[in-house]
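Engineer: Before I ask anything, here is the structure I am working with.
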Amino acid sequence: MNKILTPFIAFFLTLSCTRDPNPVFPDLTDSYLSGSGVFILNEGQFRSGNGSLSFFSNDSARIFNNVFLKINKRLLGDVPYSMSIMGDNAYIVVNNSAKIEITKRNDMESVATISGLSSPRYISLISSTKAYVTSLDSDSLTIINLENNSISGYINIKGSSESIIDVSGKAFIARWVGGNKIMVVNTVNDMLIDSIDVAMEPESMVTDKNGTIWVLCNGGWTREYFAELIAINPMTYEITKRFVFPSKNDSPTCLQIDGKGENLFFLKNGVRKMSINASELPPAPFIAESERLFYKLGINPLNGDIFITDAVDYQVKGYVLRFGSNGSLTSVNQADIIPGAFCFKVTPDPVIE
């Protein structure tokens with residue numbers, strides 16, 4: 001009897017040890033989204049409504065596409081442009097759909113949608129109860145009530161706005177299209193209190209380890225002015241450093257800084273790297289663009305990895321390139337159409353006071 005059953009037992013044991021090439025894991029989505037990584041906002045084609053969200057997992061070094069669609073069973077919208085995380089929630093600014101999608105940060109399930117904004121660009125999470133949103137075609141900054149996820153008011157800053165930074169009870173807002181100022185708003189009473197003259201069309205800003213604000217001004221799309229990189233003391237509004245790019249054809253974009261607040265990065269014919277203590281602009285790329293089309297840039301705050309999107313031709317699915325902090329390429333993953341801004345997600349979840 002035992003001799004007869006032995007071959008069958010061996011057969012079934014062999015089956016049980018054979019690896020399924022397409023295994024199904026319950027709650028796989030929750031699993032990979034709960035770890036650290038980076039979200040990539042794929043803008044999609046303008047007015048096509050085919051923007052999407054990807055997530056690169058640090059644990060698996062894999063990219064997962066169409067995250068929002070798979071979780072919520074609906075499209076994200078037209079031109080997802082920027083994203084911020086605070087507490088349990090993620091806030092996705094969808095430019096041409098004129099809305100903000102609020103989701104849970106660890107599973108991307110929808111919490112609320114704030115509609116009726118005017119060409120929103122960036123969101124600054126001022127506190128657990130209030131946020132500011134910049135606008136491409138409005139003269140006003142929009143105030144968001146985060147307790148009920150609604151528009152609660154506006155601040156007239158006298159022009160369109162792009163990047164925004166919150167420092168010591170003040171918001172610094174880049175007046176973008178045709179502008180040359182950084183507007184200063186008191187975040188306690190929501191009042192415009194000052195402005196700082198910089199250079200033409202400030203488009204991105206970061207703060208370094210000393211609290212200095214760095215502003216990258218691209219010189220305007222008509223190339224009538226020189227691009228400039230400017231450092232500002234946020235307490236006195238004094239410009240402490242000013243670097244002018246050598247040619248009017250220079251159009252640097254996407255200023256970023258590493259997690260230590262010591263090195264600046266931006267795109268200009270590749271990736272440029274520059275110490276905050278440097279006395280001149282970097283003369284050559286730290287990472288060459290080669291045959292790719294570098295579109296957006298992000299620096300992992302934990303390990304200094306450099307993430308770059310390759311938009312290819314703005315028509316087909318693009319790529320996410322990951323480089324080590326030394327500039328060596330470590331991975332290439334296909335995302336979706338026009339992969340754009342990055343939003344880094346770190347664990348454990350931060351404590352919000």
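The values are calculated or read from the model by the stated rules, or taken from the named source; none is laboratory data. Everything quoted here is computed from the prediction, not taken from an experiment. With ideal geometry, Cβ positions are generated from the backbone for all residues, glycine too; neighbour counts draw on all protein chains shown.
Engineer: Looking only at segment 333-348, which residues are assigned to a loop (DSSP other than H, G, I, E, B) and either among the hydroxyl-bearing types (S, T, Y) or in contact with a helix residue (DSSP H, G or I) (Cβ under 9 Å, 6 or more places away or on another chain) (or both)?
Structural biologist: If we filter segment 333-348 for residues that are assigned to a loop (DSSP other than H, G, I, E, B), which is where we start, we get 338, 346-348.
Within segment 333-348, just T347 meets the criteria.
Engineer: Of all residues being over 21 Å from I155 (Cβ atoms) and free of Cβ contacts under 8 Å to residues at least 40 places away in the same chain in segment 200-220, which is surrounded by the most Cβ atoms within 10 Å (Cβ to Cβ)? Just the residue, please.
Structural biologist: Checking each candidate, the answer is C217.
Engineer: Condition check: within 30 Å of S118 (Cβ to Cβ), loosely packed, with under 14 Cβ neighbours inside 10 Å and at pLDDT 50 or above. Does S52 satisfy that?
Structural biologist: Values: within 30 Å of S118 (Cβ to Cβ): yes; loosely packed, with under 14 Cβ neighbours inside 10 Å: no; at pLDDT 50 or above: yes.
So S52 fails the test.
Engineer: Given (1) within 18 Å of the chain's Cα centre (by Cα); (2) surrounded by fewer than 18 Cβ atoms within 10 Å (Cβ to Cβ); (3) of a type in the set (D, E, K, R), identify the lone condition not met by K296.
Structural biologist: Among (1) within 18 Å of the chain's Cα centre (by Cα); (2) surrounded by fewer than 18 Cβ atoms within 10 Å (Cβ to Cβ); (3) of a type in the set (D, E, K, R), the lone unmet condition for K296 is (2).
Engineer: List the strands (runs of 3 or more DSSP E) inside segment 274-324, counting only whole elements, that have at least 1 residues being in contact with an Asp or Glu (Cβ under 8 Å, 6 or more places away or on another chain) and over 18 Å from G44 (Cα atoms).
Structural biologist: Values: elements: 294-299, 306-310, 317-323.
Once the strands (runs of 3 or more DSSP E) in segment 274-324 are filtered for at least 1 residues that are in contact with an Asp or Glu (Cβ under 8 Å, 6 or more places away or on another chain) and over 18 Å from G44 (Cα atoms), what remains is 294-299, 317-323.
Engineer: Name, by its number, the condition in (1) touching a residue at least 12 places away in the same chain (Cβ under 8 Å); (2) among the polar types (S, T, N, Q); (3) in contact with a Phe, Trp or Tyr (Cβ under 8 Å, 6 or more places away or on another chain); (4) surrounded by fewer than 23 Cβ atoms within 10 Å (Cβ to Cβ) that does not hold for S31.
Structural biologist: If we test S31 against (1) touching a residue at least 12 places away in the same chain (Cβ under 8 Å); (2) among the polar types (S, T, N, Q); (3) in contact with a Phe, Trp or Tyr (Cβ under 8 Å, 6 or more places away or on another chain); (4) surrounded by fewer than 23 Cβ atoms within 10 Å (Cβ to Cβ), just (1) comes out false.
Engineer: Which of (1) on the phi > 0 side of the Ramachandran plot; (2) part of a strand (DSSP E or B); (3) charged (D, E, K, R) does R223 not meet, given it meets every other one?
Structural biologist: (2)
Engineer: Turning to a different aspect of this structure: Exactly one of these conditions fails for R74: (1) charged (D, E, K, R); (2) closer than 16 Å to A341 by Cα; (3) without any contact (Cβ under 8 Å) to a residue 24 or more places away in the chain. Give me its number.
Structural biologist: Here R74 clears every test but (2).
Engineer: Which one of these is under 23 Å from A311 (Cβ atoms) and either among the charged types (D, E, K, R) or more than 18 Å from the chain's Cα centre (by Cα) (or both): S247, S251, S204, S195? Before the answer, list the steps.
Structural biologist: Working: S247 fails: under 23 Å from A311 (Cβ atoms); S204 fails: either among the charged types (D, E, K, R) or more than 18 Å from the chain's Cα centre (by Cα) (or both); S195 fails: under 23 Å from A311 (Cβ atoms).
Unique residue meeting the criteria: S251.
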